[in-house]
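The values are calculated or read from the model by the stated rules, or taken from the named source; none is laboratory data. Note that this is a predicted model, so its numbers are computed, not measured. Reconstructed Cβ throughout: ideal geometry from the backbone, glycine too, with neighbour counts over all protein chains shown.
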Amino acid sequence: MQYIDVVVDNKSVNTDSFYTYKAPDEVFVGAKLTVPFARRKKSVDAYCVGTRVKSALDDSRIKEIDSFDAERSLNPEMVETAMWMRKRYGVKYIDGLKMFAVEGKREKALKAGSGTEASAPGYELTDEQNAAAEKICDSIDRRESRAYLIKGVTNSGKTEVYIKAAEKALESGRTAIILLPEIALASQVAQRFRERFGSGLIATLHSRLKKSERLSEWLRIRRGEAKIVIGARTSVFAPLDNIGVIVIDEEHESTYKSDHNPKYETVDVAFKRASLSGAVLVLGSATPAITSYYRAKNGIYELIEMNNRIGDSMMPNLEIVDMRKEAAAGNTSVLSRELAGRIDRSLARKEQVILFLNRRGFSTRILCPDCGFVMACPDCGIALTYHKTINAAVCHYCGRKFPVPDKCPDCGSKFIRYAGAGTEKVEEEVRRIWPEAGVDRFDIDTASAADDPAKVIYDFQQGRTDILVGTQLLAKGLDFRNVGLVGIINADVSLNIPDYRSSERTYQLITQVAGRAGRKGGESSVLIQTFDPDSDVIHEAADGDYERFYESELAHRSIMNYPPYSDIISVGLTADDEDTAMAYAEAFRNRLLGLKSAPEGAVVMRPRLDEKRNDGRSRAVFMIKAPQGSRAGYVNEYMSFRDRMIENKAPAFIEIDINPYGAI
């Protein structure tokens, strides 16, 4: 027998600690256990986080574990990563550990296929692909824990480099994780890997799997049957041993940031797992995040550039269309006359068309022109979007639906209007103008409603759809071979969001959506419709000048002390009433302002009341700009303040989010 420390599976922050138990000698760090806990009649799940520990307690007071499940256990590297997540993000021990774990009962196993199926013929790499692959594979061979950033233009063949890296990892007796920003893209890439390695070696982990399916895949990975895991964000927690390479494709995408508990950055977690495993981390993007490119420029990542498209694929011609002139000429359509004419010509040439607008719904505002009333969500305080297909006003923040009024709730006017255009409205107009064309829409609404969201993409790839209307889901690395025209309906949308990343997001979206064109060879076009044709960001994107954009954006962030020069920490205090929430927010802010060790240049903003929550409670929020290197200190202060609130049974709840996406 030995003494071990465990973390119990309990939601309460009151039990966010280690508990000592007796256990057989074969129990190891990461072991999945059940233990007697408190006065509960049933055992609770737990994970071993320390073995051979010493205890000052009398032996008679230390309970023995009830059971040990070796099959569903973790390994020490996973436990260490979970412990690091607590320090890095202030999450609970159990929340970090459960990211690696699995729930559900075993049912009929998924048919995995054989790991020795015949693979597709080898692919001949270009010089750029070969140089990138050799550098990465050499590091895998040497078991070097290194990080590479591949800055490769769209369709430069980055996926083939990832395949070579995974192949080298397997040759070395190691494993691989391949991360994609969306499930649809992960499915597409997974098929390419299956053709190369056989389906038996490939496992997928994502949120659309049933519990039993996820358990089946998890066990295949844990038993070492599956060597390559492909999936979206949470696949970074795949329960692999002996990792050789972790790939994050389209690393700039915001979907890699978890905005619900536990809140974490996928790139950070991947970097940590790679360093603990002696693995290589590969980040890839045509438009790297500013922070990633900054790290490459400063030697944290090694930069690899791939500046040429593969095969006969050609970069499209990007042109800016001034929508102010369209309006002055009397064109009230969401489509400029130039874009409509180009669509006609593309359809005549049997080429496909993508129309991109990063706003879903039919109209983005429901308003009264007489008194200025704008219909907003009573819980969230943001403007509601009209969805014609369900004839309802929808809050895109909380998801609530409301009936559309037939008169203004404020002044009684019957002249309710719908302003702004969303993807539904674009789809309707396209169907009206080109009734013979096959038209489809791909946004979060259609993806959520469909039994198989990948079918829309598959139909477009197979040529069954002529015109595809969509949101940013279309910008996430999908491979379309016959797109001759891309129309960006309103490039200003992402410039006007209340986020310091708005310029970065605009550059990325324009570049990424434009990259869907021209892949089959020959000339292709991208028309960028905008009411701000003088915008530097739009011109830099149209010119494909990432370096110029990066330098100007970096200068702005340096002046404003935004990342990468700082970390932005969002603090939220929730209570039953506004006064209590604000009182605790002020108390925590005053504590931070009173720190003798406060870093130079730190900014702690004043608290403000946030929108009402769905449960009717009040929330006070404030932001911290923490200079480089000071984040850990603020996380420690948060955890100390949180523990004191728990100890004093405070009528409020505190949480933080590091480098959140959204308004500051």
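Some points to look at:
- Of the residues making up the range 42-73, just one is among the polar types (S, T, N, Q), surrounded by fewer than 13 Cβ atoms within 10 Å (Cβ to Cβ) and more than 37 Å from the chain's Cα centre (by Cα), namely 60.
- Among residues of the range 229-243, those that are of a type in the set (Gly, Ala, Ser) and not in a loop (DSSP other than H, G, I, E, B), counted: 2
- Answer residue from the range 378-387, given it is at pLDDT 70 or above and touching a strand residue (DSSP E or B) at 6+ places or on another chain (Cβ under 8 Å) and is surrounded by the most Cβ atoms within 10 Å (Cβ to Cβ) among those: 384
- Filter result for residue 559 (surrounded by fewer than 17 Cβ atoms within 10 Å (Cβ to Cβ), part of a helix (DSSP H, G or I) and modelled with pLDDT under 95): yes
- Screening the candidates 98, 63 for the property of being of a type in the set (D, E, K, R), modelled with pLDDT of 90 or more and closer than 26 Å to residue 236 by Cα yields one hit, 98.
- Selection within the range 10-20 - surrounded by 17 or more Cβ atoms within 10 Å (Cβ to Cβ) and modelled with pLDDT under 95: 10, 15, 16
- Filter pass, residue 167 being surrounded by fewer than 24 Cβ atoms within 10 Å (Cβ to Cβ), in contact (Cβ under 8 Å) with a residue 24 or more places away in the chain, acidic (Asp, Glu) and over 20 Å from residue 277 (Cα atoms): no
- Hey, residue 344 over 25 Å from residue 463 (Cα atoms) and modelled with pLDDT of 90 or more or not: no
- Among the residues examined, residue 424 qualifies as closer than 30 Å to residue 186 by Cβ and modelled with pLDDT of 70 or more.
- Whenever a residue of the range 204-219 is under 19 Å from residue 73 (Cβ atoms), its partners that are among the polar types (S, T, N, Q), lying with C-beta atoms within less than 8 angstrom and at least six residues away or across chains, give the pairs 205/234; 205/235; 217/204.
- Scanning the range 184-213 for residues that are of a type outside the set (Gly, Ala, Ser) and closer than 20 Å to residue 100 by Cβ yields a count of 9.
- Residue in the range 616-623 that is out of contact with any helix residue (DSSP H, G or I) (no Cβ under 8 Å at 6 or more places or on another chain) and buried (at least 20 other Cβ atoms within 10 Å of the Cβ) present: no
- Some residue of the range 279-298 being of a type in the set (Lys, Arg), assigned to a helix (DSSP H, G or I) and more than 20 Å from the chain's Cα centre (by Cα): yes
- The one condition in (1) hydroxyl-bearing (Ser, Thr, Tyr); (2) crowded, with 20+ Cβ neighbours inside 10 Å; (3) part of a loop (DSSP other than H, G, I, E, B) that residue 333 fails to fulfil: (2)
- Only one of the numbered conditions (1) of a type outside the set (A, V, I, L, M); (2) surrounded by fewer than 20 Cβ atoms within 10 Å (Cβ to Cβ); (3) more than 30 Å from residue 258 (Cβ to Cβ) is violated by residue 76, and that is (3).
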